[in-house]
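K.L.:
Take this structure first; my questions come after.
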C-alpha cells in the first residue's frame, strides 16, 4: 500500500502528509528525490527508486507538479508492490488540493477526508481494471506460471537491475496480482535486508516476461546506491572461478606474422628498466609559465537579445501567426501555459542544443523536464512563451553544470597529505581522447602549487605509452613508476602507490590504457584496478568532439564499474576531464551531455597540447554559448 | 455637470488669486523637498539572508521566525523562501514599524548562485550550521563560509554575519565554541590551499585574514558573531537579537 504522500512547496515547507499506519519512512527518500532527480532536471521520468542506506527498505517514488502554485506532490511506496493507481491518484490530489490551496495557510487538515475518498476511488478503479484484464488473460497466465518458478530457481541471485523493470511502470496486467501474492511473501524478506535477492528474480522474470523493459527511467541513483551483496558475490565468485580456471591455460600472446619473412625478435624496445640512463637526451625542464588553471578568464559580454530574433526567423511563415497571438496573450497576461504552447518553443530549443553538439537523448530529456516544470504556470504579463522557456532552460542548464561537490583538488590533496597518504588520481577513458597528454598537464599544474607528483605508467598495452610518460616525467622532473609492458596494470598501480608512500609523494597520477566501453574483458581489468587500489579520484577523460557516443561511453563505464565492483559502495566516475576544447568553436554540447548522464562535475578542461593548456570550466559562458 | 463646474470656478475665484498661487507654490515646494530627501537618503535595506548547507535547518528557522512555528516539517528547498515579518518586541515600540524582509536561500550546491542575487541588498547574513552532524560536513560548511566571506559584495558593504549553531535542542549537538574553533581551523587551511602561489586567484575576490597568522573570525572585515539556536523548539532569541540590532527602522 501507499507508504506516504507528501505535498510541499518548492520552498521546502511540507503542507500536508498522509502516512499509512503512522510508520516513519526509513532514510530520507524525498530529499534524495529532490537532490538527484528534480534538481538534476530529470523530472520528466516516470519514477525514482530509493534504497534506504541502512538496508531497511526500498521505495519507489512518483511525483506531480503544480507549476502555477509552486507545489510538488510526491507518493512513496514499497518497490516490490506494483501500485497501479498512483499516477491517477496524484493527478486527482493535485486537482483537489489546488482548489483549497491558499498561500497564507500552512495547515490543511480537512484534506485528510478528501484524500481518503480519492484513494478509495483510485484503488477501486485499479481493481476493476485489473480484474477485467485478468479475465482477458486468464488462459495464458496459467501456462506462464511454470516458467517463473523454474527460472527463478535456476537464475539464483539475479541482478537487482531487473527489479526496476517491474517497478514504477504501471503494467496493469493480470500478472501483477500474482506479483502481489508473491511479493507479500517476499516483503518480509525485504525488510530483513538486501540479502534476500533470491526472491528478487521472481520479480525480475515477471518484468522480463511483460515484454516492456523499462528503459526510459534512467536512474543515476541506482548506480550510486548499494547493490545486493548476494548478486555481487555470485558475480565475483563466478568471475574468480573462471579466472582461476583460466590461469593455468593462459596463452601467451603470439607475435603476429605478416608474411613469410623470418620472425623477428621481441619488439619491446623498452630501455632495460633504467630510468636514469640516457645522458644523451637533454633534460629540458619544462617551465612554460603559469598554467591556465590559475589565470582569470576574460569572458566577452555579448548582447543576449539575439536569441529571440533567431527563434522567430526560423520559420517565418507559420511563426508570424504564432507571434501575433502570443504577443497578444503576453500583453494580456494571465495565460496559462499549455503543452501545446510549449512544444514549438521547446522544439526550437532542442534543435538549437543539438546543433551545439548536445546528444539527442539528453536534449530530449532536458526539454521534457523543462516542459514538466513549466506546464500549468501562469504567463507573466509582457512576457512571451519563448522567453519564458528560454529563461527556464537557462536556469536548468546552470543548475546542471554547477558542480554538486567541491572541485577543489588542492584542498583534497592537502587533506590527504595530513593523513600521510598519497592522493591517487586514475585517468580512464576510451582510446585516443588525450589521457596521457592531460595527465602531464595536471602534473604541471600541481607542481606549480608546490605539490610533489609521481606518475604511474599503468598503460602496459599501447606501444610507446611508457616512453611517452617517461619523457613527460623527465621534462617535468618528477619520478615515474613503470614496469614496462604486458604487466597487470592493477598490480603496477598498487606498487606505484606503495612506492609513493615510501618516497612521500603527495599525488600519484595513474595512466591507464584506452578501452572501448563495450569491451568486456578490458572493462573488467579496469574495474579490478579501481577496486584493488581504491583511488581518491576516478577521472573520466572525454573529448569535446564526441557526439552522441558520450552518453553511451559514460553510462557503460559507470555501469561496468558498478556491476563488477566487489564492494557494496561501488566507486564510480568522480569527475570529468574534457579535452580538445580548443578544437570546437562553440559546439560545447559534449560538456552538457557528459555531466547530465553521469552526474559528475567537470573538473578540468584541456584546451591545447602544451603544458599550460588546462583550465576550469566556466559555467556561465558555456550556458551562454549553448543557448546562443 | 456644467453647473457643478461653474460652482467650482466660482469657489476657486473667491479668495484673491495671488494667495491661491502662493498656497499652491508652497505645497509644490514642500512635496519636492520631501521627495528629494527620500531619493537622496539611501533607504536602509531590511533584508536578512539565511544561508548554509543543505539540511542545516534554514527553512525551519525561517518559518520559526515568520510564523513562530516550524509547521509540519520541511524537505530540501528548491526555490528561495521570502517573507516579511515584524519582530514582536517592535510591536511595543511606537512609531513606524518596519517589517523585516527575510530570505531563505537553498543550501544545495547547485543552487548556490541564487545567493548572489540577494547578497548585495542584505543588511545582515545568518549562516546556519548543523551542530548535530557537524564534523562530516565541516569542510563543506567552511568552504561555503569562506566563499561568502570573500565575496566582493560582502566585504565592501561590511555586512555583519551571525553564525548560528542550529539543532542545539539535541543532546549530541556540539557547542558553539567547538564549532567556532573547527571552522576557523578549516578556513585557515582553505586559505593556504587557495592562495598557494597564484597572484591571480580567480576563485575568490578577496583574501581573508592576516598572512602568517592563524585565522580567526575577528580578522574579518565583516563583523562575525556566533550564537546558538534551535529552529524546531523555537529558541531563537539570539537570532532575533541580531536581527533587531542590524535592521533599524
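Bear in mind that the values in this text are calculations on the coordinates, not laboratory data. In this text the structure is predicted, and so the values were computed from the model without any measurement. Methodologically, a virtual Cβ is constructed for each residue, glycine included, from the backbone with ideal geometry; neighbour enumeration extends over all protein chains shown.
K.L.:
Using Cα pairs closer than 8 Å and at least 6 residues apart in sequence, work out the relative contact order for segment A:1-117, in percent.
P.N.:
27 percent
K.L.:
Please find the FRET efficiency linking residue A:116 to residue B:71, where r is the Cβ-Cβ separation and R0 is fixed at 22 Å, and quote it to the nearest 0.05.
P.N.:
That gives a FRET efficiency of 0.50.
K.L.:
Now for a separate question. Residue A:545 to residue A:609: extension gain in nm, 0.36 nm per residue of separation minus the Cα-Cα distance?
P.N.:
Between residue A:545 and residue A:609, full extension yields an extra 21.5 nm.
K.L.:
Taking the Cβ of each residue in A:99, B:108, A:449, B:121 as the centre, tally the other Cβ atoms inside 10 Å and list the residues starting with the fewest.
P.N.:
So the residues, fewest neighbours to most, are A:99, B:121, A:449, B:108.
K.L.:
At a temperature of 37 °C and a viscosity of 0.692 mPa s, determine how fast segment A:365-481 diffuses translationally according to Stokes-Einstein, using the Kirkwood radius over alpha-carbon pairs as Rh; express D in µm²/s, rounded to the nearest whole number.
P.N.:
Rounded to a whole number, D works out at 178 µm²/s.
K.L.:
Then there is this: What Rg and what Dmax come out for segment A:420-518 when only alpha-carbon atoms are used, in angstroms?
P.N.:
12.5, 39
K.L.:
What average number of partner chain Cβ atoms lie no more than 10 Å from the Cβ of the residues making up A:2-9?
P.N.:
2
K.L.:
Right, next: Rounded, prolate or oblate, given the Cα gyration tensor of segment A:398-444, with a/c below 1.5 counting as rounded?
P.N.:
It is oblate, given that a/c is not under 1.5 and a/b is not larger than b/c.
K.L.:
Stretch residue A:99-residue A:532 to full length: gain in nm at 0.36 nm per residue minus the Cα-Cα span?
P.N.:
Contour length minus the Cα-Cα distance gives 150.1 nm.
K.L.:
How shielded is B:109-115 by partner chains, expressed as the average number of their Cβ atoms within 10 Å of its Cβ atoms?
P.N.:
5
K.L.:
Could you pull out which residues in segment A:72-87 have an amide N less than 20 Å from a spot 7 Å beyond the Cα of residue A:129, following the Cα-Cβ vector?
P.N.:
A:73-87
K.L.:
Given the convex hull of the Cα atoms of segment B:47-246, what is a quarter of its surface area in nm²?
P.N.:
Across all orientations, segment B:47-246 yields a mean hull projection of 11.5 nm².
K.L.:
Between segment A:372-425 and segment A:54-105, how many Å separate their Cα centres?
P.N.:
Between the Cα centre of segment A:372-425 and that of segment A:54-105, the gap is 26 Å.
K.L.:
Would you kindly work out the equivalent ellipsoid of segment A:516-628 from its C-alpha gyration tensor and give its semi-axes, the square roots of five times the eigenvalues, largest first in whole Å?
P.N.:
Ellipsoid semi-axes (Å, largest first): 27, 14, 13.
K.L.:
Along the Cα→Cβ direction, 7 angstrom out, place labels at residue A:585 and residue A:351. What is the inter-label distance in nm?
P.N.:
Rounded to a tenth, the inter-label distance reads 2.0 nm.
K.L.:
Taking 7 Å along the Cα-to-C-beta vector as the label spot, tell me the residue B:31-residue A:620 distance in nanometres, rounded to one decimal.
P.N.:
In this crude label model, residue B:31 to residue A:620 measures out at 4.2 nm.
K.L.:
A further question on this structure: Whole angstrom only: what separates the Cα centroid of segment B:122-185 from the Cα centroid of segment A:336-370?
P.N.:
Each part's Cα centre sits 40 Å from the other's.
K.L.:
Evaluate E = 1/(1 + (r/R0)^6) for residue A:471 and residue A:499, where r is the Cβ-Cβ distance and R0 equals 25 Å; express this FRET efficiency to the nearest 0.05.
P.N.:
After rounding, the FRET efficiency stands at 0.80.
K.L.:
Okay, moving on. 7 Å from Cα along Cα→Cβ at both residue B:4 and residue B:175: what's the point-to-point distance in nm?
P.N.:
7.7 nm
K.L.:
Could you work out how much longer the chain between residue B:223 and residue B:185 gets when fully extended? Use 0.36 nm per residue separation minus the Cα distance between them, nm to one decimal.
P.N.:
Additional length available on full extension: 11.9 nm.
K.L.:
With both partners inside segment B:47-246, how many of the DSSP beta bridges are antiparallel, as a percent to the nearest 5?
P.N.:
Among the beta bridges of segment B:47-246, antiparallel pairing accounts for roughly 20 percent.
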